[in-house]
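Undergrad: Please find one structure pasted underneath; my questions will follow.
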Amino acid sequence: MRSWVKWQLVYALFTLAFFNLNVNPALAASEKVKLVIGAPANTSGAQERMQAYLAEFYKEHPNIEVELQYSGGFSEFYERTAVQHATGTAPDLINMAVHWLFNYAESGVLMPLDHYIERDGVDLGEYFPDAINIWRWSPGSYQAGAGSVYTMPFNWQTSIAFYYNQDIFDRTGTVYPDETWTWDTFVDAGRKFTVDSNGDGEPDQWGTNIMQGQFDLYTRAWQAGGELINEDYSESLADTSEVVEAIRWLAELNTTSGIARGGLAEFEQGKLATLTTGQWNVGLRFPQTIGDDFRYDLAPPIKHPVTGSDVVQAHSNGWGISASTKHPDEAWALVKFLTTEPGLRLQAELHSIAVPHIPVAREFLYVRDREIQPRSFYVVADSLLTARQPYVGARTNEVWSAHAAPLREAVQGLISPEEAALRMKDAINAILQDVRRTSN
């Protein structure tokens with residue numbers, strides 16, 4: 001009798017175990033949670049870099065597997081993801097660009113992350129302040145900067161990093177640029193570097209690149225003491241004297257001074273003495289396109305000759321979690337890894353990405369004994385301490401375009417700086433007024 005009872009008990013336990021493993025697979029020890037990462041496919045090597053980070057993530061989270069869905073350009077990706085959200089098929093993690101934050105937060109595509117940040121004790125005080133604030137939004141607000149955190153940043157980067165070709169400086173006996181350089185110093189040096197070396201009547205080397213983007217404008221306007229939009233995001237200030245001064249200076253680099261030509265490609269070919277562009281090229285482009293062809297380095301941002309301001313624009317990319325994810329805890333585990341010390345350390349160490357976490361940035365980016373080009377990468381990290389975020393809010397894409405389009409015409413000499421400023425003002429005011437009209 002006892003034997004029969006014993007075997008009945010064994011059978012019952014076996015049946016229960018079999019039921020748990022087969023009828024309810026979620027309880028199986030080998031079952032994995034699958035997360036999908038969505039991102040635009042316009043950055044070379046992004047998937048390979050992500051695979052390197054995931055290899056470390058899996059060591060601590062063997063129950064999670066990740067599928068990468070990198071496709072389309074920026075606009076295509078974010079428009080498609082918004083549609084996927086409506087049908088419940090959006091990626092679990094979304095690679096966020098700041099100009100889509102407002103749309104995604106307001107329409108409920110992203111979930112706020114405050115609960116997880118507070119639960120896990122993520123110290124936001126260890127991040128560059130605007131690297132976090134640029135991802136904050138409060139319902140009813142027209143712009144980012146306050147409220148809940150909807151995305152955690154994985155970089156804090158400027159488009160206004162100041163590179164220079166050391167070989168060109170050495171050939172002309174020019175002292176390398178330093179913290180004393182102003183707008184005027186920059187132009188004077190640019191004239192010296194703009195030369196026709198083959199005697200065909202046209203320069204084949206120039207002082208700098210053409211600067212005609214909205215971030216070029218924001219930086220120079222801020223350095224001059226101006227703003228392009230008022231504090232409550234209701235009116236354009238583009239026709240103020242400070243903004244007009246910034247437009248004129250950027251335009252005259254190409255027109256009156258004639259020291260500007262091209263951009264990245266010309267610098268990589270050794271045709272530009274200086275280049276103002278994104279600091280991300282240090283890790284993601286120049287090792288392949290320049291290598292050891294010539295010596296180059298980074299210098300401190302040039303400053304306004306009167307105000308003395310050397311503030312630069314900076315923005316961020318980050319990881320947000322889809323509000324429709326079926327696995328929010330696992331999605332947060334991956335976001336947390338990628339945007340706190342473990343993952344950010346990998347990005348800084350392996351790929352020289354300017355991370356938003358100050359302790360990690362100090363360890364890898366502020367170093368003054370860097371042994372590879374550019375040796376003075378720390379000057380970018382220094383400038384990021386006081387950098388400002390661009391204008392991020394309702395219809396950010398349109399606001400940025402409305403600033404950039406007239407600036408390009410002024411830089412090309414097609415319209416005056418004053419005309420460019422008025423066109424900006426009219427276009428921005430129309431956008432901001434429409435935002436308020438349609439939101440009421």
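Undergrad: Test of understanding: among Trp319, Trp332, which residue is assigned to a helix (DSSP H, G or I) and touching a strand residue (DSSP E or B) at 6+ places or on another chain (Cβ under 8 Å)?
TA: Going through Trp319, Trp332 in turn, the sole match is Trp332.
Undergrad: Can you confirm whether Ala420 is more than 30 Å from Leu284 (Cα to Cα), surrounded by fewer than 23 Cβ atoms within 10 Å (Cβ to Cβ) and more than 18 Å from the chain's Cα centre (by Cα)?
TA: No; evaluated as a whole, the condition is false for this residue.
Undergrad: So, one more: Mind telling me which of the residues Ser148, Ser159 ends up being small (Gly, Ala, Ser) and within 30 Å of Arg436 (Cα to Cα)?
TA: That would be Ser148, the only listed residue that is small (Gly, Ala, Ser) and within 30 Å of Arg436 (Cα to Cα).
Undergrad: Name the residues in segment 174-220 that are acidic (Asp, Glu) and buried (at least 19 other Cβ atoms within 10 Å of the Cβ), would you?
TA: Of everything in segment 174-220, just one residue is acidic (Asp, Glu) and buried (at least 19 other Cβ atoms within 10 Å of the Cβ), namely Asp216.
Undergrad: Mind counting the residues in segment 326-342 that are acidic (Asp, Glu) and touching a helix residue (DSSP H, G or I) at 6+ places or on another chain (Cβ under 7 Å)?
TA: The total comes to 1.
Undergrad: Now for a different question. Say we look at segment 140-162 and pick out the residues that are out of contact with any helix residue (DSSP H, G or I) (no Cβ under 7 Å at 6 or more places or on another chain) and in contact (Cβ under 8 Å) with a residue 24 or more places away in the chain; which of these is surrounded by the most Cβ atoms within 10 Å (Cβ to Cβ)?
TA: Only one residue fits best here, namely Phe162.
Undergrad: Please go through segment 122-139 and pick out each residue that is assigned to a loop (DSSP other than H, G, I, E, B) and open to solvent by less than 10 Å² (accessible area, probe 1.4 Å).
TA: Those that are assigned to a loop (DSSP other than H, G, I, E, B) and open to solvent by less than 10 Å² (accessible area, probe 1.4 Å): Phe128, Ile134, Trp135.
Undergrad: Related question: Sort out which residues of segment 91-104 are under 14 Å from Ala323 (Cβ atoms), open to solvent by 10 Å² or more (accessible area, probe 1.4 Å) and in a helix (DSSP H, G or I), and write them in order of number.
TA: Asn103
Undergrad: Across segment 337-357, what is the number of residues that are over 18 Å from Pro129 (Cα atoms), surrounded by fewer than 19 Cβ atoms within 10 Å (Cβ to Cβ) and touching a strand residue (DSSP E or B) at 6+ places or on another chain (Cβ under 9 Å)?
TA: 1
Here's the yes/no breakdown for (1) under 20 Å from the mean Cα position of the chain (by Cα); (2) under 23 Å from Ser352 (Cα atoms):
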{"site": "Thr43", "(1), (2)": "yes, yes"}
{"site": "Ala46", "(1), (2)": "yes, yes"}
{"site": "Arg49", "(1), (2)": "yes, yes"}
{"site": "Tyr53", "(1), (2)": "yes, yes"}
{"site": "Phe57", "(1), (2)": "no, yes"}
{"site": "Glu60", "(1), (2)": "no, no"}
{"site": "Val66", "(1), (2)": "no, no"}
{"site": "Glu76", "(1), (2)": "yes, no"}
{"site": "Glu79", "(1), (2)": "yes, no"}
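Undergrad: Taking only pairs six or more apart or across chains, which ones have beta-carbon atoms under 7 Å, a first residue in segment 358-377 that is open to solvent by 90 Å² or more (accessible area, probe 1.4 Å), and a second residue that is charged (D, E, K, R)?
TA: Between residues of segment 358-377 that are open to solvent by 90 Å² or more (accessible area, probe 1.4 Å) and residues that are charged (D, E, K, R), the close pairs are Arg375/Asp297.
Undergrad: Determine whether segment 427-440 contains at least one residue that is open to solvent by 70 Å² or more (accessible area, probe 1.4 Å), without any contact (Cβ under 8 Å) to a residue 12 or more places away in the chain, of a type in the set (D, E, K, R) and part of a helix (DSSP H, G or I).
TA: yes
Undergrad: OK, next. Looking at the structure I just gave you, is Ala381 small (Gly, Ala, Ser) and modelled with pLDDT of 95 or more?
TA: Against the criterion (small (Gly, Ala, Ser) and modelled with pLDDT of 95 or more), Ala381 does not qualify.
Undergrad: How many of the residues making up segment 347-375 are among the acidic types (Asp, Glu) and assigned to a loop (DSSP other than H, G, I, E, B)?
TA: 2
To keep it simple, each residue is scored yes or no on (1) among the hydrophobic types (A, V, I, L, M, F, W, C); (2) open to solvent by less than 40 Å² (accessible area, probe 1.4 Å); (3) modelled with pLDDT of 95 or more.
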{"position": "Glu268", "(1), (2), (3)": "no, yes, yes"}
{"position": "Thr276", "(1), (2), (3)": "no, yes, yes"}
{"position": "Gly283", "(1), (2), (3)": "no, yes, no"}
{"position": "Asp293", "(1), (2), (3)": "no, no, yes"}
{"position": "Asp297", "(1), (2), (3)": "no, yes, yes"}
{"position": "His304", "(1), (2), (3)": "no, yes, yes"}
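Undergrad: Can you find a residue in segment 46-54 that is modelled with pLDDT under 95, aliphatic (A, V, I, L, M) and exposed (fewer than 10 other Cβ atoms within 10 Å of the Cβ)?
TA: No: segment 46-54 contains no residue that is modelled with pLDDT under 95, aliphatic (A, V, I, L, M) and exposed (fewer than 10 other Cβ atoms within 10 Å of the Cβ).
Undergrad: A further question on this structure: Any residue that is farther than 25 Å from Leu384 by Cβ, out of contact with any helix residue (DSSP H, G or I) (no Cβ under 8 Å at 6 or more places or on another chain) and free of Cβ contacts under 8 Å to residues at least 60 places away in the same chain - is there at least one of those in segment 218-231?
TA: yes
Undergrad: Which of the residues spanning segment 93-125 are charged (D, E, K, R) and under 21 Å from Pro390 (Cα atoms)?
TA: Glu106
Undergrad: Please find, within segment 282-316, the residue that is nearest to Asp130 (Cα to Cα) out of those that are among the charged types (D, E, K, R) and out of contact with any strand residue (DSSP E or B) (no Cβ under 8 Å at 6 or more places or on another chain).
TA: Looking at residues that are among the charged types (D, E, K, R) and out of contact with any strand residue (DSSP E or B) (no Cβ under 8 Å at 6 or more places or on another chain), I get Arg285.
The values are calculated or read from the model by the stated rules, or taken from the named source; none is laboratory data. All figures in this text were calculated on a predicted structure; none of them were measured in a lab. Counting neighbours? That spans all protein chains shown, and the Cβs are built from the backbone with ideal geometry, glycine included. Side chains included, ligands, DNA and RNA excluded: accessible areas come from the protein's heavy atoms. Shrake-Rupley method; radii C 1.70, N 1.55, O 1.52, S 1.80 Å.
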